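Here's the structure we're looking at; comments come further down.
The values are calculated or read from the model by the stated rules, or taken from the named source; none is laboratory data. Worth saying up front: this structure is predicted, and the values here are computed from it rather than measured. Note: ideal-geometry Cβ built from the backbone for every residue, glycine included; neighbour counts use all protein chains shown. Accessible surface areas use protein heavy atoms only, side chains included; no ligands, DNA or RNA. Shrake-Rupley method; radii C 1.70, N 1.55, O 1.52, S 1.80 Å.
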Amino acid sequence: MITLDDTIAAISTPLGQGGIGIVRLSGPEALAIARRLFRPADPAWRDKPEPGRLTYGHIVHPESGEVVDEVLLAVMPAPHTYTRQDVVEIDAHGGLVPLREILGLCLSSGARAAGPGEFTLRALLNGRIDLAQAEAVADLVAARTQAARRLATGQLQGGLSQRVGALRQELIEVLAYLEAVVDFPDDEIPQRDIAPELAHVGEALRALLRDADRGMIYRQGLRTAIVGRPNVGKSSLLNALLRAERAIVAEVPGTTRDTLEETMDLQGIPLVVVDTAGIVASEDVVERLGVERSRRSLAMADLVLLVVDGSLPPSSADEEIAGLIDGQPTVVVVNKRDLAQVADYCQLLPDAPHVNVSALTGAGLDELEDTLLETVVG
Ligand code: GDP
C-alpha cells in the first residue's frame, strides 16, 4: 500500500565522507519534527520559521540535550516543494555517522524511513511531475555523459510530456468528431477527413518510438567488446581510446578480479568497455585463453571491436574469434600501422568496416571513432 499522509525521511546524499550531507523530510509532520530536533541560533525562528531560507543552528538530541551536529536547515512549506508536501532539509556534515544519527532522531520523532525513490513517487502522485518526468529524474541521476544528461533534462522540463500531450489532444478531437457523427446523425456536422489526421498521429508516434530507441542508447550505453588474439594491442587500444576521450566516467571492478569495466564517451554515447586483458598466463595456454576471453565478452556485447595485428600475417585464431561474433555490429581494427604492414586483413569479415590504426602513436583513432559512431547510429 502506498501512503502519502505520513512523514518520510532519508539521507538524500550519497553515503560516504563528504563536506555536507542532507537529511530530507517530507510530509505533514516535517516541520514539527524539525522543531523538536533543531536549536536555531536565532530563537525567533521558533515562532516564525522563514520559508525557503537556510537557518543556522544545531541538531540536538531531544532527551539528552547533546549536540549532534552543526547544521543549516531549510523549511519549504507545501505546496511549492518537490513533493508538494511540507519539506524540511537538514544540511549536516557529510559523514555517515552524523547523518545516520540525525536520520535516527527523525525516525524516533515520528518519521518513517523513505523507500527508494519515494520522494519522487510523492512528487508524481501529487501531480507535480508526470511519469515521463519521474523517469527523467532517474535518468538524470544516472546520466553518464553530457548528452544523456541533456536528454534527461529536456524530458524533466516536460519535453516528452508536451509532445505526447499534443498527440493525445489531436486524438481526442478526432474521437469527439466521431462520437458527434454517431450520436447526432441528423445534425449537419461538417464532414471531416480524419484519415490524414490519424496518419499524422501514427507517424509522430513512430518517430517518438525511434527517439526512444536512441534515448535508450544514450541512457544505458552500449556494451562494447574489444576482442582479438593476445598481443594484437587490445589493452593499448582501450587505453588510447580512453586517453583520446579524456573521459573515464566510471571504473567499476567487474564480476571477476581480472575484468574491468570502463565507460568511454563516444560523442555522448556511453560505451561500456569490458576489458578482459591483462591476465598473465603461461605461453602455451595464452592463445586458448585469448579465444576464451573473447567468447566471454562477446556473449554480452552490443558492439564489437575485432583487433588484429597488421604487422603479422592473419592466423587461424583471428578467424576463430571472428566466427564467435554473433551478428553484433563489428568494426575490424587493424592495429600497429606504424610498423611495416604484411597483411590488409580485407578477407576477415569483409562486410564490416576496417580501420587502420596505431594504438601506440594514436594514428587513425579519429577515423575509428567516426566509424564507430556511424556503425552505432546507423
Ligand atoms: P593485448 O594482449 O591484445 O591486450 O595487447 P597489448 O595492448 O598488451 O599489446 C601487446 C604489445 O603490442 C605491447 O608490447 C604493446 O606495446 C604493443 N603494441 C600495441 N599497439 C601497438 C601499435 O600500434 N604499434 C606498435 N608498434 N606496438 C603496439
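Does residue 180 qualify as being more than 16 Å from the ligand (Cβ to nearest atom) and within 30 Å of residue 127 (Cβ to Cβ)?
On the way: more than 16 Å from the ligand (Cβ to nearest atom): yes; within 30 Å of residue 127 (Cβ to Cβ): no.
The answer is no for residue 180.
Test of understanding: among 42, 86, 69, which residue is in contact with a strand residue (DSSP E or B) (Cβ under 8 Å, 6 or more places away or on another chain), farther than 27 Å from residue 122 by Cα and in contact (Cβ under 8 Å) with a residue 24 or more places away in the chain? Reasoning before the result, please.
Values: 42 fails: in contact (Cβ under 8 Å) with a residue 24 or more places away in the chain; 86 fails: farther than 27 Å from residue 122 by Cα.
That would be 69, the only listed residue that is in contact with a strand residue (DSSP E or B) (Cβ under 8 Å, 6 or more places away or on another chain), farther than 27 Å from residue 122 by Cα and in contact (Cβ under 8 Å) with a residue 24 or more places away in the chain.
From 277, 322, 244, 250, grab the single residue that is over 25 Å from the mean Cα position of the chain (by Cα) and at pLDDT below 85. Spell out the reasoning first.
Values: 322 fails: at pLDDT below 85; 244 fails: over 25 Å from the mean Cα position of the chain (by Cα); 250 fails: over 25 Å from the mean Cα position of the chain (by Cα).
Just one listed residue meets the conditions, 277.
Return only the number of the condition from (1) open to solvent by less than 60 Å² (accessible area, probe 1.4 Å); (2) part of a helix (DSSP H, G or I); (3) closer than 20 Å to residue 236 by Cα that residue 373 does not satisfy.
(3)
List pairs: first in the stretch 348-360 and on the phi > 0 side of the Ramachandran plot, second within 12 Å of the ligand (Cβ to nearest atom), Cβ under 7 Å, 6+ apart or cross-chain?
Within 7 Å, the pairs are 349/306.
Of the residues in the stretch 326-353, how many are more than 27 Å from the chain's Cα centre (by Cα) and crowded, with 18+ Cβ neighbours inside 10 Å?
To start, the set of residues in the stretch 326-353 that are more than 27 Å from the chain's Cα centre (by Cα) comprises 332-353.
Still in the running and crowded, with 18+ Cβ neighbours inside 10 Å: 332-337, 345, 348-349.
Counting residues in the stretch 326-353 that are more than 27 Å from the chain's Cα centre (by Cα) and crowded, with 18+ Cβ neighbours inside 10 Å gives 9.
Just give me the residues in the stretch 182-235 being touching an Asp or Glu at 6+ places or on another chain (Cβ under 8 Å) and part of a loop (DSSP other than H, G, I, E, B), in sequence order.
Scanning the stretch 182-235 gives 228, 229, 230, 231, 232, 233.
Give the number of residues within the stretch 33-66 that are aliphatic (A, V, I, L, M) and surrounded by fewer than 12 Cβ atoms within 10 Å (Cβ to Cβ). Working first, answer last.
Restricting attention to the stretch 33-66, the residues satisfying the condition of being aliphatic (A, V, I, L, M) are 33-34, 37, 41, 44, 54, 59-60.
So of that shortlist, the ones also surrounded by fewer than 12 Cβ atoms within 10 Å (Cβ to Cβ) come out as 41, 44.
Residues flagged as aliphatic (A, V, I, L, M) and surrounded by fewer than 12 Cβ atoms within 10 Å (Cβ to Cβ) within the stretch 33-66 amount to 2.
Could you check how many residues of the stretch 4-17 are surrounded by 14 or more Cβ atoms within 10 Å (Cβ to Cβ) and under 24 Å from the mean Cα position of the chain (by Cα)? If you could, list the steps in order and put the result at the bottom.
Kept after step one, since they are surrounded by 14 or more Cβ atoms within 10 Å (Cβ to Cβ), are these residues of the stretch 4-17: 4, 7-13.
Checking the rest, the ones that are also under 24 Å from the mean Cα position of the chain (by Cα) come to 10-13.
Residues flagged as surrounded by 14 or more Cβ atoms within 10 Å (Cβ to Cβ) and under 24 Å from the mean Cα position of the chain (by Cα) within the stretch 4-17 amount to 4.
Restricting the search to the stretch 1-31, which residues are modelled with pLDDT of 90 or more, closer than 17 Å to residue 128 by Cβ and among the β-branched types (Val, Ile, Thr)?
8
Would you please name the residue that is nearest to the ligand (Cβ to nearest atom), looking only at residues in the stretch 220-245 that are among the charged types (D, E, K, R) and surrounded by fewer than 22 Cβ atoms within 10 Å (Cβ to Cβ)?
Pass one, the stretch 220-245, residues among the charged types (D, E, K, R): 223, 229, 234, 243, 245.
Those still in the list that are surrounded by fewer than 22 Cβ atoms within 10 Å (Cβ to Cβ) too: 223, 243, 245.
Values: 223: 18, 243: 13, 245: 17 Å.
Only one residue tops the list, namely 243.
Checking residue 332 against (1) in contact with a Leu (Cβ under 7 Å, 6 or more places away or on another chain); (2) within 10 Å of the ligand (Cβ to nearest atom), only one condition comes out false. Which one?
Answer for residue 332: the failing condition is (2).
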